[in-house]
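Peer 1: What follows is a structure written as structure tokens; I'll ask about it next.
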Amino acid sequence: MGALIALTVANIRSFIRDRAAIFWTLAFPILFVVLFGSIFSGNGPDSFQVGWVDRDGTPAAGGLRQAFAGVGLFELTDGEQEATLQQMRDGDLDAVIVVPAGLGEAIASGVASGEP
């Protein structure tokens with residue numbers, strides 16, 4: 001056991017004397033974290049402007065809209081499909097969600113509509 005302690009102490013002393021080892025073990029990771037932390041700090045938008053087109057009009061589509069509205073990241077704007085798509089092209093909206101006709105019926109029957 002005494003040999004293990006002596007070997008450990010010798011390795012620690014050798015490590016402390018090697019300034020490059022201290023830099024790469026302690027200072028470099030801290031610099032790395034600070035650099036990437038400042039680059040990727042939360043400078044993104046607080047919310048996204050999203051157009052909402054409801055071609056279904058069922059309670060299921062209304063529930064889906066309520067679920068999206070409940071997410072604080074989205075601000076929903078109702079509209080017609082072509083108008084909201086044009087707003088997205090113009091840069092006024094970040095995205096458009098189109099609820100296809102027949103969604104409520106498909107959910108009730110458990111069948112996918114086949115439309116993306």
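The values are calculated or read from the model by the stated rules, or taken from the named source; none is laboratory data. Remember, it's a predicted structure, so these values are computed and weren't measured experimentally. Glycine gets a Cβ as well: all are built from the backbone with ideal geometry, and neighbour counts include every protein chain shown.
Peer 1: How about the stretch 12-51: which of its residues are in a loop (DSSP other than H, G, I, E, B) and under 30 Å from Asp90 (Cα atoms)?
Peer 2: Within the stretch 12-51, Phe40, Ser41, Gly42, Asn43, Gly44, Pro45, Asp46, Ser47 meet the criteria.
Peer 1: How about the stretch 84-111: which of its residues are touching a residue at least 12 places away in the same chain (Cβ under 8 Å) and either over 25 Å from the mean Cα position of the chain (by Cα) or part of a loop (DSSP other than H, G, I, E, B) (or both)?
Peer 2: Asp92, Leu93, Asp94, Pro100, Ala101, Gly102, Leu103, Gly104, Glu105, Ile107, Ala108
Peer 1: Just to check your reading of the model, which residue among Asp78, Asp94 is surrounded by 11 or more Cβ atoms within 10 Å (Cβ to Cβ), of a type outside the set (Gly, Ala, Ser), outside the structural domain of Asn11 (by TED's automatic domain parsing) and touching a helix residue (DSSP H, G or I) at 6+ places or on another chain (Cβ under 9 Å)?
Peer 2: Asp94
Peer 1: A further question follows. So for the stretch 33-56 (the condition being small (Gly, Ala, Ser) and in contact with a strand residue (DSSP E or B) (Cβ under 8 Å, 6 or more places away or on another chain)), does at least one residue qualify?
Peer 2: Within the stretch 33-56 (the criterion being small (Gly, Ala, Ser) and in contact with a strand residue (DSSP E or B) (Cβ under 8 Å, 6 or more places away or on another chain)), the answer is yes, since at least one residue qualifies.
Peer 1: Let me ask another. Does Phe68 qualify as being within 30 Å of Val98 (Cβ to Cβ), among the aromatic types (Phe, Trp, Tyr) and either in contact with a Leu (Cβ under 9 Å, 6 or more places away or on another chain) or at pLDDT below 90 (or both)?
Peer 2: Yes.
Peer 1: Against the condition among the small types (Gly, Ala, Ser), on the phi < 0 side of the Ramachandran plot and touching a helix residue (DSSP H, G or I) at 6+ places or on another chain (Cβ under 8 Å), how does Ala69 come out, does it pass?
Peer 2: It is false that Ala69 is among the small types (Gly, Ala, Ser), on the phi < 0 side of the Ramachandran plot and touching a helix residue (DSSP H, G or I) at 6+ places or on another chain (Cβ under 8 Å).
Peer 1: Tell me, yes or no, whether the stretch 53-67 has at least one residue that is surrounded by fewer than 13 Cβ atoms within 10 Å (Cβ to Cβ), without any contact (Cβ under 8 Å) to a residue 12 or more places away in the chain, of a type in the set (A, V, I, L, M) and over 30 Å from Ala108 (Cα atoms).
Peer 2: Checked against the condition, which is being surrounded by fewer than 13 Cβ atoms within 10 Å (Cβ to Cβ), without any contact (Cβ under 8 Å) to a residue 12 or more places away in the chain, of a type in the set (A, V, I, L, M) and over 30 Å from Ala108 (Cα atoms), the stretch 53-67 yields no hits at all.
Peer 1: Checking Glu75 against (1) under 30 Å from Ser109 (Cα atoms); (2) in contact with a strand residue (DSSP E or B) (Cβ under 8 Å, 6 or more places away or on another chain); (3) outside any loop (DSSP other than H, G, I, E, B), only one condition comes out false. Which one?
Peer 2: Result: Glu75 passes all but (1).
Peer 1: Which residue out of Thr25, Thr58 is of a type in the set (Ser, Thr, Tyr) and in the same structural domain as Asp94 (by TED's automatic domain parsing)?
Peer 2: Matching residue, one of Thr25, Thr58: Thr58.
Peer 1: Does Val50 qualify as being free of Cβ contacts under 8 Å to residues at least 60 places away in the same chain and within 30 Å of Ser109 (Cα to Cα)?
Peer 2: Answer is yes for this residue.
Peer 1: Also, I was wondering about something else. So which residues in the stretch 71-100 are at pLDDT below 90 and among the aliphatic types (A, V, I, L, M)?
Peer 2: Matches in the stretch 71-100: Val71, Leu73.
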